[in-house]
Every structure is written in structure tokens, then in C-alpha cells.
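First up is the structure itself, then whatever we jot down about it.
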């Protein structure tokens, strides 16, 4: 599984407590994470309306706009942000409601730096895994198209090429022979395109405990090379 690049590791922290914002920013900066802070829910929603953040850490209790409203905004805008809620109130009902609305994880205040780092790292790992699954779906669709195309096109294409070769063997008419050669050339181009599609989708997959499947492009390329030899 390919991890996210440093440029992709961005976290938006939304909290009305400036001290908590600075504390979390310092902890995450040590991980090489870029942090953007918003003092309060209003500023947080404004920043989210301007761009998408991979991970959003939001306090649940804020005087202007609370964390539930932030989660609801992300859901209604169909953003892919993973939301980690932070609350100083150990109310399981609040946490359950936040997760029902779409929160990815939660942290109870006060929390240690190790827990924050672990939670954010797990969120980025989840994003990388989700991206890998999306790529796998694309390859699966390509494979299905290539398989269907091969089945539906190769047979008539073979017949067409056979007829063109038969014409070349049976006539010396230059104009007819030229047309037959053009048919053969174009048929070979179509055949080569289909074969390239099959090679692109000839990927290897690797399944990890828990049912997570990723694409192993490198092994897929090696397998394709072996087929050609």
C-alpha cells in the first residue's frame, strides 16, 4: 500500500480553545503533518468551503458552531474528509451521535500526544487504503472491458483478417490488394490495442488480514512480462 506524500498529509484543527489548537499543531508538526487551525466552528466551516482537508479534528462543544454542525456540513458537501472529534465531556451519547453522522474516530480530553499521533496516523493509513481500493475498482472495470472486448471483437476480427488474406492470395488486382492490405493493417492495430488493454489490467492483488486488498502494480508488470516471453 502506497503511503500518502508529505504534501497530502494535511490536518484541519477546529477548536475554540487557542491553547488546544497550538498544542495539537505542535504534536502533529513533529510527524511532518501540515496543520491549519480554525478558532471555532464558523471559521472551520469557512475553510472547509474553500478546500477539502484529508483529516479534520474538531471539538464537539464550541459556542458558535459545534462539532456536530461541522460533521453535518462535511457530509452534505460530500467531502472525503475523515473527521476525528475531540470532547472534554466523556459522554458516550455525544460520541455515538457524532459517529452516526459520519465521524471516523474520537478522542476524549485530556489526551496524550501518543494517542493523538496514533489516531492521525491511523486516519492517513485509512485514506491510503481507501485510495488503493478505488484504484482496484478502476482496474477491475478495465479488466472487464478488456475481457468483453476480446470476446466480442477477436472472433469477427480473425474472420475479417482471414478474408483479407484470402483476397490477397486470389487476386493480382492492385487496387483490390491495396484495400485488403489496409484492412489487414487496421485489423492488426485494433488487435494490438486490445492486447495492450489486457496487459494494463493484468495486475496482481495482495490481500491482508481483515480483508483489505491492494493492487501490486510491480508484480502485475512482471506477470505481464512473463506472459509475453
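The values are calculated or read from the model by the stated rules, or taken from the named source; none is laboratory data. Since this is a predicted model, take the numbers as computed values, not measurements. As a convention, Cβ positions derive from the backbone with ideal geometry for all residues, glycine included, and neighbour counts pool all protein chains shown.
Results, tabulated for the structure shown:
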item	result
Residue within the stretch 112-120 that is touching a residue at least 60 places away in the same chain (Cβ under 8 Å), within 22 Å of the chain's Cα centre (by Cα) and not assigned by TED's automatic domain parsing to the domain that holds residue 13 present	yes
Where residue 76 falls short, out of the listed (1) modelled with pLDDT of 90 or more; (2) under 23 Å from the mean Cα position of the chain (by Cα); (3) under 25 Å from residue 5 (Cα atoms)	(3)
Among the candidates 187, 150, residue that is surrounded by 15 or more Cβ atoms within 10 Å (Cβ to Cβ), part of a helix (DSSP H, G or I) and modelled with pLDDT under 65	150
Conditions (1) at pLDDT below 75; (2) touching a helix residue (DSSP H, G or I) at 6+ places or on another chain (Cβ under 8 Å): number failed by residue 211	(2)
